[in-house]
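Novice: I have a structure I would like to understand better, so I am pasting it below and will then ask my questions one at a time.
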Amino acid sequence: MNPVLQLDDVTFRRNGKQIIDGISLTVQRGEHWALLGPNGAGKSTLLGFCAAVTFPTTGTVTVLGGRMGRTDLATLRRLIGHVNPRHRLQYSLTVREVVLTGITATIDLPMRWTPSPAEAEHADAMIAAVGMTGKADEVWPTLSQGERGRTLIARALVSEPELLLLDEPTTGLDVAAREQLLQTIDDLDRIHPDVASILVTHHLEELPTTTTHALLIADGRTVASGPARETISTDNVTAAFSHPIEVGYHEGRWSARAKSLQ
């Protein structure tokens, strides 16, 4: 079976600065990866490769069997769901309308476009899957950050993607909203078992219990990569963040705190 995503020795330079330096990654169907690293490590650039929106300076990127530079990227991107909490809307759309923009792959609903009955029904099903049925007719500005996060997950899923990218999805959430959103992400493993995902964060507490693998990076380089339980360790996290960090694991969730030097 071909991998969902393959990065082979990718590099990226901007204005003479090396942002990514020789990172490789292979994601198989149904795997759920965490992409971890400090601010400025290169996580956003790496996610841009995964989303088929950023070309590497050197190396190759193959997404869903299509190699960047040799395939129709517009078609490819429709098979990639992207959850970005900084999602910007020009108009005040309802939850249902925001989800429908996942079908058209646009920020706002296109003029003179109307979803088919099947598309509308599917959108409502995705809204129900993230627990937002009661909010389907409410407009975006009135939603809490947690409700927006769940709406964006439904938007990403409505196009039935094979790869789901979650870019710091719990940004700005209080602890209750964070836990609700993480539960929604965990439920996706049951609802869409074949979908592969990559979640970007620099907080271990924000990793879902369904996380299967992890890639730790620092200064644009790989620190560690592999199965999550082995990779997200005290030694690896300490190396990635250049600070002594004690990593804990309990009932499927990770924690991190400054390691005592005494």
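The values are calculated or read from the model by the stated rules, or taken from the named source; none is laboratory data. The structure displayed is predicted, hence computed values, not measured ones. We place every Cβ from the backbone using ideal geometry, glycine too, and count neighbours over all the protein chains shown.
Novice: Please determine whether any residue of the range 35-47 is without any contact (Cβ under 8 Å) to a residue 60 or more places away in the chain, in contact with a strand residue (DSSP E or B) (Cβ under 6 Å, 6 or more places away or on another chain) and aliphatic (A, V, I, L, M).
Specialist: So far as the range 35-47 goes, no, none of its residues is without any contact (Cβ under 8 Å) to a residue 60 or more places away in the chain, in contact with a strand residue (DSSP E or B) (Cβ under 6 Å, 6 or more places away or on another chain) and aliphatic (A, V, I, L, M).
Novice: Moving on. Starting from residues that are assigned to a loop (DSSP other than H, G, I, E, B) and at pLDDT 80 or above, keep the ones in the range 79-97 and report whichever is surrounded by the fewest Cβ atoms within 10 Å (Cβ to Cβ). Steps first, answer last, please.
Specialist: Taking the range 79-97 first, the residues assigned to a loop (DSSP other than H, G, I, E, B) are 79, 84-93.
Those still in the list that are at pLDDT 80 or above too: 79, 84, 92-93.
On the way: 79: 17, 84: 17, 92: 10, 93: 19.
The residue in question is 92.
Novice: Quick check, is residue 137 modelled with pLDDT of 90 or more and exposed (fewer than 14 other Cβ atoms within 10 Å of the Cβ)? Full working, then the answer.
Specialist: Values: modelled with pLDDT of 90 or more: yes; exposed (fewer than 14 other Cβ atoms within 10 Å of the Cβ): yes.
So residue 137 passes the test.
Novice: Would you mind stating whether residue 54 is in the same structural domain as residue 218 (by TED's automatic domain parsing), touching a Phe, Trp or Tyr at 6+ places or on another chain (Cβ under 8 Å) and outside any loop (DSSP other than H, G, I, E, B)? Working first, answer last.
Specialist: Values: in the same structural domain as residue 218 (by TED's automatic domain parsing): yes; touching a Phe, Trp or Tyr at 6+ places or on another chain (Cβ under 8 Å): yes; outside any loop (DSSP other than H, G, I, E, B): no.
Against the criterion (in the same structural domain as residue 218 (by TED's automatic domain parsing), touching a Phe, Trp or Tyr at 6+ places or on another chain (Cβ under 8 Å) and outside any loop (DSSP other than H, G, I, E, B)), residue 54 does not qualify.
Novice: Let me ask something else. Across the range 67-97, what is the number of residues that are under 20 Å from residue 9 (Cα atoms) and in contact (Cβ under 8 Å) with a residue 12 or more places away in the chain?
Specialist: Filtering the range 67-97 for residues under 20 Å from residue 9 (Cα atoms) gives 67-71.
Of the ones still in play, those that are also in contact (Cβ under 8 Å) with a residue 12 or more places away in the chain are 68-69.
The total comes to 2.
Novice: Restricting to the range 157-176, count the residues that are modelled with pLDDT of 85 or more and hydroxyl-bearing (Ser, Thr, Tyr).
Specialist: Of the residues in the range 157-176, the ones modelled with pLDDT of 85 or more are 157-170, 174-176.
Checking the rest, the ones that are also hydroxyl-bearing (Ser, Thr, Tyr) come to 159, 170.
Final tally of qualifying residues: 2.
Novice: Every residue in the range 98-143 that is assigned to a loop (DSSP other than H, G, I, E, B), β-branched (Val, Ile, Thr) and in contact (Cβ under 8 Å) with a residue 40 or more places away in the chain, please. Explain how you work it out, then say what you get.
Specialist: Residues of the range 98-143 assigned to a loop (DSSP other than H, G, I, E, B): 105-116, 130-132, 136-138, 143.
Still in the list and also β-branched (Val, Ile, Thr): 106-107, 114, 130.
If the condition is that a residue be assigned to a loop (DSSP other than H, G, I, E, B), β-branched (Val, Ile, Thr) and in contact (Cβ under 8 Å) with a residue 40 or more places away in the chain, then 130 is the only one that fits.
Novice: Another question, then. Scan the range 207-223 for residues that are within 20 Å of residue 252 (Cα to Cα) and not in a loop (DSSP other than H, G, I, E, B) and report the count.
Specialist: Step one: list which residues in the range 207-223 are within 20 Å of residue 252 (Cα to Cα), which gives 207-216.
If we keep only those that are not in a loop (DSSP other than H, G, I, E, B) too, we end up with 213-216.
Residues flagged as within 20 Å of residue 252 (Cα to Cα) and not in a loop (DSSP other than H, G, I, E, B) within the range 207-223 amount to 4.
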